[in-house]
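Okay, so here's the structure we're looking at.
The values are calculated or read from the model by the stated rules, or taken from the named source; none is laboratory data. Keep in mind that this is a model prediction, so the values were computed, not measured. All Cβ positions, glycine included, derive from the backbone under ideal geometry; neighbour counts span all protein chains shown. Keep in mind that these areas ignore ligands, DNA and RNA; they rest on the heavy atoms of the full protein, side chains included. Shrake-Rupley method; radii C 1.70, N 1.55, O 1.52, S 1.80 Å.
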Amino acid sequence: MYNQALTTLIEVADCGSFLRASEMVKFDDLHGERLLMQAPGNSPINDRIRNEIQSSHPQITIVDLPHHYDLDAFNLCAEEEGLLLSLDAWKEVHPSLATIPLQTEETIPYGILSSTQPSPETRQLMDILREVVRP
């Protein structure tokens, strides 16, 4: 498992947005914007960011998404020209979205996802990876 930086995805079609030209986005830059993010209770880190936004940046409107992102979340972001709090790992997931880093100290632990009932081969791979990446 490693830590991923948080990023904000912006719809590419929204070429007039000052955010598109930014190399990095701060919370202050998002005032007046809608920010799609995971619903509370799924991630303590996302919950901390939500609390920071609600207490220090109430000018940002938070739109709750399901607990786990899927393509519907990215499509919603593109269709509604919204912003989406996401990870670098998702930056190539949608052709109509661009990734701009969010200036924050927060990172999200990120690892391998698998079925709740992995095949013997997948289980063996996960066991090997646990041994290799174990601190």
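With all protein chains present, how much of the accessible area of region 61-135 (probe radius 1.4 Å) comes from carbon and sulfur, to the nearest whole percent? Write down the numbers at each step before the final one.
Numbers: 2690 of 5080 Å².
Of the solvent-accessible surface of region 61-135, carbon and sulfur hold 53 percent.
Under a 5 Å amide H to amide H cut-off, with H placed in plane at 1.01 Å, what residues pair with Glu33 once short-range neighbours are removed?
Thr61
If we sort 78-89, 95-106 on the protection proxy, mean other Cβ atoms within 10 Å, highest first, what's the order? Before the final figure, lay out each step's value.
Working: 78-89: 18.7, 95-106: 15.7.
By packing density, highest mean first, the sequence is 78-89, 95-106.
Using per-residue counts of other Cβ atoms within 10 Å, averaged over each peptide, order 47-58, 25-36 from highest down.
Working: 47-58: 13.8, 25-36: 16.2.
Result, highest mean Cβ count within 10 Å first: 25-36, 47-58.
Distance from a point 7 Å along Cα→Cβ of Ser56 to each backbone N in region 77-115: keep the residues under 16 Å and list them by number.
Within reach of a label on Ser56, which here means backbone N under 16 Å from a point 7 Å along Cα→Cβ, region 77-115 contributes 102-107.
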